[in-house]
Amino acid sequence: MNRLVQDIKFALRQLRKSPGFTITAIVTLALGIGANAAIFTLVHAVLLKNLPVSDPKLLVRVGDTDDCCVEGGVPDQRDYSIFAFELYQHLRENTPEFESLAAMQAGVGYAGVTARSNKPGDLPRAERGEVVTGNYFQVLGLQPYAGRLILPSDDVQGAPMGVVMSYQAWQRDYASDPSVVGSTFVLNTYPVTILGITPPSFYGDRMTSAPPDFYIPMVMEPNFGPGNPTSLLHRRDANWLYLLGKIKPGTDLKQLEAKMSASLRNYLATLPLYQRQDRQADLAGAHVVLTPGGAGIENMQQEYGVGLKMLITVSALVLLIACANIANLMLVRGMARRAETSIRMALGAQRARLIRQMLTESVVLSCLGGLAGLLVAYAGTKVLLAMAFPHAQSLPIEATPSLVVLGFAFALSLLTGLIFGVAPAWVTSHSQPADALRGSNRTTSDRSGWLQRSLVILQAALSLILLVGAGLMAKSLSKLENQDFGVVTQNRVVVHFSPESAGYKQEQLQGLYDKIINDLHALPGVDKAALSLYTPLEGNNWGEGVYIQGRPEPGAQAKNGASWLRVGPEYFDIVGHRVLRGRGITAQDTATSLPVVVVNEAFVKKFFSNGENPLGAHFGISGMESVGDWEIVGVVSDIKYNDLRRPTRAMYFRPLLQVAHTKSQTDTRSLYAGAIMLTTKGQVGNLESQVRRTLANINPNLTVVDYNTFEAQVRGQFDQERMIARLTLMFSLLALMLAAVGLYGVTAYSVARRTPEIGVRMALGAGRGNVVAMVMREAMLQAIIGLAIGIPAAWLCVRLVQSQLYNVGGHDAMVMTGSVLVLTIAALLAGLIPAQRAASTDPVKALRTE
Amino acid sequence: MIDLRNVERSYRAGGTETWVLRRISLTIQPWEFVTIMGPSGAGKSSLLNVLAMLDDQWKGEFDFDGVAVHRLNRKQRADLARQKIGMVFQSYHLLDDMTVAENIDLPLSYKDIPRSERQAMVADTLDRFQIVAKKDLYPHQLSGGQQQLVGIARAMIHKPALLLADEPTGNLHSKQAQEIMEMFRQLNQEGTTIVQVTHSETNAAYGTRIIELRDGWVHSDTAGTAQPPLQEVRS
């Protein structure tokens, strides 16, 4: 121990003696370790962190996909991850292996709840509510921060209406007012009691940038759930719940999975969908997959997992390049300290002792780098979070390094110190003491040379891989962003709101919509205004199977799906749909007029591929009996609404308030518009507050859930791609810089070491050009070998990112050529400076140093 | 061949200017074998560097084979030196990662000479200096005398008119030193002008003329052209 302290003291003294080296090394390490720690903060929070619950290991999720939010029909791969309430009850009752199995609303989207406290003068707020079963908090094993949490007894018919508020909402919106607990709030026009506050660390059952503000018992779903103001609670054909349970210790999960799959099939067999002959294969294949539930519902993990894993790989490569740089610096230092090492050896020091001393120095250095890296990590994480979640309100990820992140940074520092320290320590400790003591520097080669050059070659190869990756990502992002979505975004505004949360009944909607549109039209600067169920590129999608009149019934495997939404009269003009044939939706398309639809070009291509005239054709979505429900009266141009990487989906547009003739009871949820779109004449000052005021004047409960420009909404679709592309580019440039510095360092060292040789050469007639060429040849040789290794390696590595690319081949010759060019230029520049210096060698002085 | 007029060289260290060559004026004819002697710090090596055109910080006038060196720029001086001068060093300055043949070829590699011609010249030189058997060896595999022999061969390969040698036998024992000096004498008799710097009276005896330097001044010159030093207070 004493010896270790002595070694550390000596290491610190040595580092203090060479401030230039120490600062360079610490900055390089800080960048490398900081970048890794920042990415790790995100990886830990998103991919590795468990819910802050009592026993996460016992939590099991029934399901493994991010299916959302209300789904019907047969799921992809017949894999059930989202369930109807009755199906949940069926599974719960047939699986005693669960101590308790809870259900929670899958989609906590724009349509939340409107909440008003009982404080005089308090205005209603748009908040997010999640419907959960009464045993939800018991399954998670949570204790309230204040008051109490929801109990099963709160989730029965006739129980007093009570909800739980999240700690974050309590802090953010109600200033941590203790009197909130037990008080009566008005939620969606219903008086409810605030039962308690969740513990501060709890952010819901899943990682999300907008966690729920209220937890609402399932029994209140008809008033607060996603089906509000109708209900999904007892709809057997609508799947809208995630299941998370606490298993009894010792339960065999494989057996339980098989048992639950069988139980699922028993239930599904009672549904009309699965009673059809052509659905028997689907029924036989229906199953559930049980997954660990400690981290909750891992939708964000699925969304960000691949990107984050890629980023951590990229940042690890950057660190590796940084390590190679420091190793090179250490080698140079080691060479310079050969005499000291030799004296120690001559005085009886063992090699192991010398290696330990040098390793101590490396580790002390890397720990100092790690400490500085924490500062970089803190700032880096803030930037990362802003890039990844630009609109997050209560993101449960802290930029301040947690204990885990601190541990990670420390472990990384130790590892880094060992990686970059071990080779120099070994090489230096194996110098010949007699040579070193003689001060023999005649030799033009030394044992560290090959190692230094290998490290530079490694850096060049890794940098090329990163440059190619960054080039591909940037090109993919550019193609994604610059593709023609079909939309017009200039001077467009999207306002999300929730008339159902404001308590409107179906029969009141026509009047409300007319009033909203009229009042918004009256605002100065507003040109057009339209309501719609949702808007392009906001992440929402409603879809059903289409049944066309005069065609045979589609089979179970038929691809007859199409997306749809309801829109108001000026909607097409606002978003950029051009009417190509027939007409658009007009003010005359009311609840009582002939039910019509307008379809997009993709719809015509999909369902009228033989050149039939779509105008006048009829179709429906509730089986063959519904084929006469709607008449196609127009065709509009395509616009991408959802998956930007795939072709535009077949879509149809319905008037706001027309209800399908067939199964009309299932068609009323969509009558509640979720968005208002506006076109303005140029920039309008204070438009947001004017819109908020206009809605509040109509009804104070008409709160704005979200206000955004259409342009920002579209741009927001690329947040993740942009973050990955920017970070990859940033990391690759950092890597390039480190590699260039590495090459510069090795070349400069080589020039310094070869000064006498250069002097001899010049004395024998070598000109400046000869010397520059000699130095550059050596520098470029390393870069070329790096390229020779890097090109095939990059060729292989791009396979790993292929899935992240859009319309860019993994083997893009332009990106590869560009990357090779950039690296070559960097190498030329890095080599040129020492080459110039070599050419300026004064042969007289050089020969004198001999 | 060489005509120096009032050549001076000084080094500035801190605020002090130290003179290493003072008003050197001397003429060296072709075929001469000149020995420069003097105590340490007398300016011998500095004078040699001026003659080798490795140093271009001196003042005065220097004519070489009728060319006014003092009017040439650095590149022109280097070109002239490349053509006319060969250098032999006390510590040989062979490049350790090159073979004997490659070391000898080095000066030719800086000239526009076709490879085949260079190979022939190297072969001739190896033969002339009787080191053919050593051509593939590396310097560390040779004795000191052998290394200096290679150094001389390297200096002579391009048939320079002037051979400059700075303490060529300083690292050799007497037998080896004698062999090297015999070699110099032979080269001189074959027409090469030689200027050597040495401390050794024995080596000096091989030459035809001795110039003695003291404190940067020409103290004596057996050719009788030396000027007596002026009394001067040096800063």
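Since every read-out is calculated from the coordinates, none of them should be taken as a lab result. Just so it is clear, the model here is predicted, and its values are computed rather than measured. Positions of Cβ are backbone-derived with ideal geometry, glycine not excepted, and every protein chain shown enters the neighbour counts.
Note on A:Thr416, B:Thr35, A:Thr679: ascending count of other Cβ atoms within 10 Å places them as A:Thr679, B:Thr35, A:Thr416, the fewest first. Once the convex hull of all Cα atoms in segment A:131-281 is built, its volume per residue stands at 153 Å³. Of all aspartates and glutamates in the structure, those lying under 19 Å Cα to Cα from A:Lys606, and not within fewer than 8 positions of it along the same chain, are A:Glu544, A:Glu553, A:Glu631, A:Asp638, A:Asp643. Between the residues A:Pro655, A:Thr666, A:Ala602, the greatest Cα displacement towards the positive end of the dipole of segment A:499-702, with unit charges on the Cβ of Lys, Arg, Asp and Glu, is found for A:Ala602.
Compactness ratio of chain B: Cα Rg over 2.2 N^0.38 Å, N = residue count?
1.03
Share of pairwise Cα-Cα distances greater than 17 Å in segment A:530-604 is 54 percent (whole percent). Charge tally around A:Asp64: other residues with Cβ under 11 Å, Lys/Arg +1 each, Asp/Glu -1 each, net -4.
Determine by what factor the alpha-carbon radius of gyration of segment A:125-178 differs from 2.2 N^0.38 Å, reporting the quotient. Relative to the 2.2 N^0.38 Å estimate, segment A:125-178 comes out at 1.21. Once Rg and the Kirkwood radius are both taken over the C-alpha atoms of segment A:259-405, their ratio Rg/Rh works out to 1.30. For segment A:606-615, backbone phi angles converted through the Karplus equation (6.51, -1.76, 1.60; θ = phi - 60°) give residue-by-residue couplings of 6, 9, 10, 6, 8, x, 5, 7, x, 5 Hz, Gly and Pro being listed as x.
Mean partner shielding of peptide B:75-83, defined as the number of other chain Cβ atoms within 10 Å of each residue Cβ, is 2.
Beta bridges from DSSP with both residues in chain B: antiparallel share about 55 percent, rounded to the nearest 5. So how many Lys-Lys pairs in chain B land under 24 Å Cα to Cα, not counting same-chain pairs under 8 apart? So the count of such lysine pairs works out to 15. With the convex hull of the Cα atoms taken as the outline of segment A:204-336, the averaged projected area works out to 15.2 nm².
Measuring between their Cα centroids, segment A:590-649 and segment A:133-182 lie 45 Å from each other.
I need the per residue convex hull volume for the protein assembly as shown, using only the alpha carbons, in cubic angstrom as a whole number.
Dividing the Cα hull volume of the protein assembly as shown by its residues yields 262 Å³.
Pair-distance distribution of segment A:47-177: all C-alpha pairs, bin width 5 Å, starting at 0; shares per bin in whole percent are 2, 8, 14, 19, 21, 17, 10, 6, 3, 1, 0.
Per residue, the convex hull around the alpha carbon atoms of segment A:715-792 comes to 106 Å³.
Summing +1 for each Lys or Arg and -1 for each Asp or Glu, what net charge is found among the other residues whose Cβ lies under 14 Å from the Cβ of A:Asn540?
It works out to a net charge of 0.
Here the protein assembly as shown carries DSSP beta bridges of which approximately 70% are antiparallel, counting only pairs with both residues inside. Sorting the segments A:778-785, A:821-828 by their mean number of nearby beta carbons within 10 angstrom, highest to lowest, gives A:778-785, A:821-828.
Under 21 Å Cα-Cα from A:Lys248, which lysines qualify once same-chain neighbours fewer than 8 residues away are excluded? Filter leaves A:Lys57, A:Lys259.
By DSSP, the beta bridges lying fully in segment A:499-702 are antiparallel in about 65 percent of cases.
For segment A:499-702, the Kirkwood estimate of hydrodynamic radius, built from reciprocal distances between every pair of different alpha carbons, is 17.8 Å.
Just rank A:His661, A:His234, fewest to most, by other beta-carbon atoms within 10 angstrom. Mind dumping the intermediate values first?
On the way: A:His661 15, A:His234 12.
Ascending number of Cβ neighbours within 10 Å: A:His234, A:His661.
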